[in-house]
Structure formats: structure tokens, C-alpha cells
Amino acid sequence: MAQDRFDWTLSLTLPLLTERADHAVAVIEASDSKDAKGASKKGRRDQRGVIMRQVISALYIAYVSDDLVSFPLREKNYSAKKPKPGKIHFSYTYTKEAYDTLKRLGWLEVAEPPRDGKHTRVRASGDLATVFSELGLVWSPQELKSQDQLVQLRDVERDSNGTPIRKGKPPKTRKYDCEVPDSPKVEGMRERLERINSFLTQHCFHLDLSDQNIGELQRIMKGRPGEDDGDPKLLRLHDVQLRRVFARGSMEKGGRFYGGWWQGIPELHRPHIRIDGYKTIEVDYSGIAIRIISAQLGKPLPADVDPYDIGLRDWHGSDDPRRKKVKKIVNALINDEDGVYRLPKDTESVLGVDEAAFKDHLHRTHPLICEQLATGIGLQAQYIDSEVAERVMLRMMEQDVVVLPIHDSFCIRLGYRQSLEIVMKDVFAELIGAEVSVDAAYSKSDNYFGLKRQDIEDQIDALDDETERMGVISADKLFSKLENRQSDIMDDFLGSWESWRAETR
């Protein structure tokens, strides 16, 4: 799911945005017919205000993210009275009215007209764009997602023979939204996720990067394809609220958390993520899907066993450069219940084995799992790991500690790493009844942007100054480093949160 439709962003409560929205609503009311039927004048004003704040917030977030806003203009895309999956749950009449008013004021312009079944894409213009430019990228309180946005159920489109429809290059399965069933279980999910989102929106998540490197990261991310389930492909720092996405039309398949901007950051650059100005570290479960399935099949793996060591020649343990490729292929196979996945063409050149040999290695290492391929067991395991993730977040919240989920890993302030690792292991044992190991990544500063861990370690080892190697530098050298590091974008973003925090205490 793309992140650019106007109703998918969050409504911010910045005073300047609220003022612009109120002005636009006043313009509408000035031409409102005295004989207008339906809701009362106050009711119409309230509905218009909600929609206008939503649209202006979307335009602002897109503006500071160098993005566009998708704006469906056909009535068939709206379903306010009887909300339907995939539809916009605002009044079409009031939304079209907001669109026309903003366009008449010169505050909105069409950037890309609709084509090939896509929606009109717009951006802020005129005085509204000027306001956005003067405001810059600032942190903002935001309204919580509505209950109907917190849990999403999806399925794949199939042809008359039941075969998944795959199109594009490379071919991808087409998905659609299903109606989420009403049940105490779903109600509980929504309630807990609302509490998590309420907690997340009180904190500031940003990046320790200079303005130059922020620009470079944005260029890198624009060149990456977006994930089907909603990982943002642009740097949108206001996207902090989560939702759960279930798969294959089942509330017991999938269920992972999506929506946080940090999930779209390439792994190489995630060590730059900061929470409330503090350094972070990413801690992940080692082979969680295989461990869950093995435990379900009655053969839990010992914590010290690497699930992705399938016997490839000259394997170098957890640091083997082929491990990430093996992990990606194995997880794709166990989630491929329709049997449509094919190993990448570069499998042999990267791993040193062809497709047949790879599957033979996998079968000899995990025979019970191989017998369950194409049964949906992978997505069922994904549901369990999403339950693990939820419990980990809630357990850390009890300690007033925020963690950012990245599916089977978590980003946390550096000083809370040990607490997180204990909670991760305890929760896994509670829900799966097996032991597990966890791995920690590393944190890095702006001057190591784009470097891998080994490259950083090599640079540190090469330093001539013993005190600098230990992280001790003179005050003069420190001031020089800070003076030359232009980071107005992130400093202003963090500073606006710190001001809000001081005012609300």
C-alpha cells in the first residue's frame, strides 16, 4: 500500500495548519446556502474542519517529504455511511468541496493528472506552500488513527482457477483489502495498538545525519521499490503510528506491524536512528520464523544453533556474507503457500549452489519444515511473531521505554539494550515454549554515513591518535566537528519536540 493518499496520513495539530484549515472552512461557509439540507450548521462546520485539517496535514507532510498527495476524485472511491475496505471514509461531497476550495484559493495544484487508473496527485502551492516553507520540518502532536485503520486484512487476487494473479516486472501478486471481522479478539488488538500509538506519538524519532546526508538518504530511498504491505519508501518523519496487516484473508496469518517511517530505512542506515535525541541499537531475533515452526513441529532448535546454516561450503557463521541471502530465500519459501516463488537467478553465483542443490541443503538441515512448504505455515508463524512483537512493545512500555518494531527486530535507546534482550527472550519462551538467541547491531554517527560495520572498525583501528581511538577528543576538535556538521533539518525537528515536551510538563 502506498503512503501518499490524503486520508492515510495523520492529522497534525500544528497551530499554523489549523489556522489555514479554519480559514478555508470559513471561505466555504461564506458561500454556503441558507437552505442547505442535512446536518446542522455546526455539524457541517465540524465535518468540514476534520476533512480540511486532514487534507492540509497531508499536503504539509508531502511538502516537507518532497512528495505528492494522491487525491481520488471519483465518488466510487468514497464510503462514509457504510465504511468499506480500501474506500475513503470521508463524505465525498465535503471532500470534493475541500479540494475545489483549496484549488480556488491557489493553495493546491495538480502535479500529475490521473492516468492508467491512478488517482490525481497534487501538491501545496501559493500562500499555503509559503507557510509550509517558513514552517519547515517540525515535530508535531497528531491525532490518533481511527479504530478502523488499526487492523487491516488482505488477500491475493486469483483467476478463475484459483491461481494468484501476478503482474509487472518482476511479477508481483496483486492484493486487495478484505473486511475485518468484528470480534473480541480484533477489538483487543485495536485497543492495545491504540495504546502503543498513543505512546509513540509522545516521542521524537529522527536521524543523526547532516543536511547533506539527509538529502543523500532521500535520494537512495526514492530509488527503492515500496513494500506491498506498506513500508514507506520516502523519509516521512511524521509517520510514527502503526497498524497490523493480516494476510490471505485470515486473521491468523501475517499480522505484522507496519506504518513507521523507520521500517523503510535501508538496513545500512538504520544505525543513525535516534529516539528523543539518544543513540539507538537494533536487536533482532535470530531466525525467528524457523524457530517458531520447529517448535510447533516438536523439534525446537537450541539457542546456539544458526537456523540459516544449511551446510553451504566454507560457511563462516553469523558473519558469512551469504547469510542474508539464505535468510531471504528461506523466508520466501516458507511463506509461499501458492508455490509461485522461484529462487533468484543469481542464487548459484552468490551462494555457490543452484536451485536444486539449495533445496537439497535446506531439506537435509530442516526436513520437517520442508515437508510443510506451501501449507501456509510460514504466514502462521508470522502471526505468532507479530504477537511476540506486540507483547515486547507492551512489556517495554510498562517500563516507560519506547521500542520501534522492524518486524522481527526492535530499535531501542542504547542504554536499554540489556533490558530489551531479557524481555525478548522471556516473551519468546512464554509464547513459543522454546529458547532463542538475539543479535545486536550497532550505532553510528553522521561521519560514518554509508559505511558498513567492518569499514567503521577498520577506520577506528587505523586512527593514529590513541585518545581519539577511545572516543576522547579535545574540546577544540569537538567544536570544529560540530561547526562543520550542518544539520539544521534534524536539529530543528528535535528542537521542536523538545519545546513541546517542555511546555507540556
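Below, the figures for the structure above:
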quantity: Residue ID - most open to solvent (accessible area, probe 1.4 Å), chosen from residues in segment 366-392 that are touching an Asp or Glu at 6+ places or on another chain (Cβ under 9 Å) and charged (D, E, K, R); calculated: ARG391
quantity: Matching residues, segment 220-270, being at pLDDT below 95, open to solvent by less than 10 Å² (accessible area, probe 1.4 Å), out of contact with any Leu (no Cβ under 8 Å at 6 or more places or on another chain) and not basic (Lys, Arg); calculated: GLY230, PRO232
quantity: Residue pairs meeting the criteria (Cβ under 8 Å; at least 6 apart or on separate chains; first under 12 Å from HIS272 (Cα atoms), in segment 440-463; second modelled with pLDDT under 85 and open to solvent by less than 40 Å² (accessible area, probe 1.4 Å)); calculated: TYR442/ILE456; LYS444/ILE456; ASP446/SER487; TYR448/ILE456
quantity: Test: TYR416 is within 27 Å of LYS175 (Cβ to Cβ), of a type in the set (Phe, Trp, Tyr) and at pLDDT 95 or above; calculated: no
quantity: From LYS84, LYS96, residue being within 27 Å of TYR176 (Cα to Cα), at pLDDT 95 or above and open to solvent by 30 Å² or more (accessible area, probe 1.4 Å); calculated: LYS96
quantity: Helices (runs of 4 or more DSSP H) fully within segment 375-470 counting 3 or more residues that are within 25 Å of VAL330 (Cα to Cα); calculated: 377-398, 417-432
quantity: Of the criteria (1) within 25 Å of ASP306 (Cβ to Cβ); (2) touching a residue at least 12 places away in the same chain (Cβ under 8 Å); (3) hydrophobic (A, V, I, L, M, F, W, C), which one LEU404 fails; calculated: (1)
quantity: Any hit, segment 288-295, residues being modelled with pLDDT under 95 and in contact with a His (Cβ under 8 Å, 6 or more places away or on another chain); calculated: yes
quantity: Residue satisfying all of: in segment 274-296; of a type outside the set (Ser, Thr, Tyr) and either over 24 Å from the mean Cα position of the chain (by Cα) or part of a loop (DSSP other than H, G, I, E, B) (or both); farthest from ARG413 (Cα to Cα) among these; calculated: GLN296
quantity: One residue from LYS299, LYS345 being open to solvent by 50 Å² or more (accessible area, probe 1.4 Å), touching a residue at least 40 places away in the same chain (Cβ under 8 Å), in a loop (DSSP other than H, G, I, E, B) and among the basic types (Lys, Arg); calculated: LYS299
quantity: TYR78 vs. criteria of a type in the set (Phe, Trp, Tyr) and either out of contact with any Asp or Glu (no Cβ under 7 Å at 6 or more places or on another chain) or open to solvent by 60 Å² or more (accessible area, probe 1.4 Å) (or both); calculated: yes
quantity: Residue pairs meeting the criteria (Cβ under 6 Å; at least 6 apart or on separate chains; first more than 20 Å from GLU390 (Cβ to Cβ) and surrounded by fewer than 16 Cβ atoms within 10 Å (Cβ to Cβ), in segment 409-420; second at pLDDT below 95 and not aliphatic (A, V, I, L, M)); calculated: LEU414/SER443
quantity: Contacts under 7 angstrom Cβ, first residue in segment 94-112 being over 18 Å from ARG45 (Cα atoms), partner open to solvent by less than 60 Å² (accessible area, probe 1.4 Å) and charged (D, E, K, R), 6 or more apart; calculated: ALA111/ARG121; GLU112/ARG121
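Quick grid of which residues meet (1) part of a strand (DSSP E or B); (2) among the aliphatic types (A, V, I, L, M); (3) open to solvent by 40 Å² or more (accessible area, probe 1.4 Å):
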{"position": "ARG121", "(1), (2), (3)": "yes, no, yes"}
{"position": "ALA129", "(1), (2), (3)": "no, yes, no"}
{"position": "GLU134", "(1), (2), (3)": "no, no, yes"}
{"position": "LYS145", "(1), (2), (3)": "no, no, no"}
{"position": "GLY162", "(1), (2), (3)": "no, no, no"}
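The values are calculated or read from the model by the stated rules, or taken from the named source; none is laboratory data. Predicted, not measured: the structure shown is a model, and the values here were computed from it. Positions of Cβ are generated from backbone atoms using ideal geometry, with glycine treated the same way; all protein chains shown enter the neighbour counts. For accessibility, only protein heavy atoms count, side chains too; no ligands or nucleic acids. Shrake-Rupley method; radii C 1.70, N 1.55, O 1.52, S 1.80 Å.
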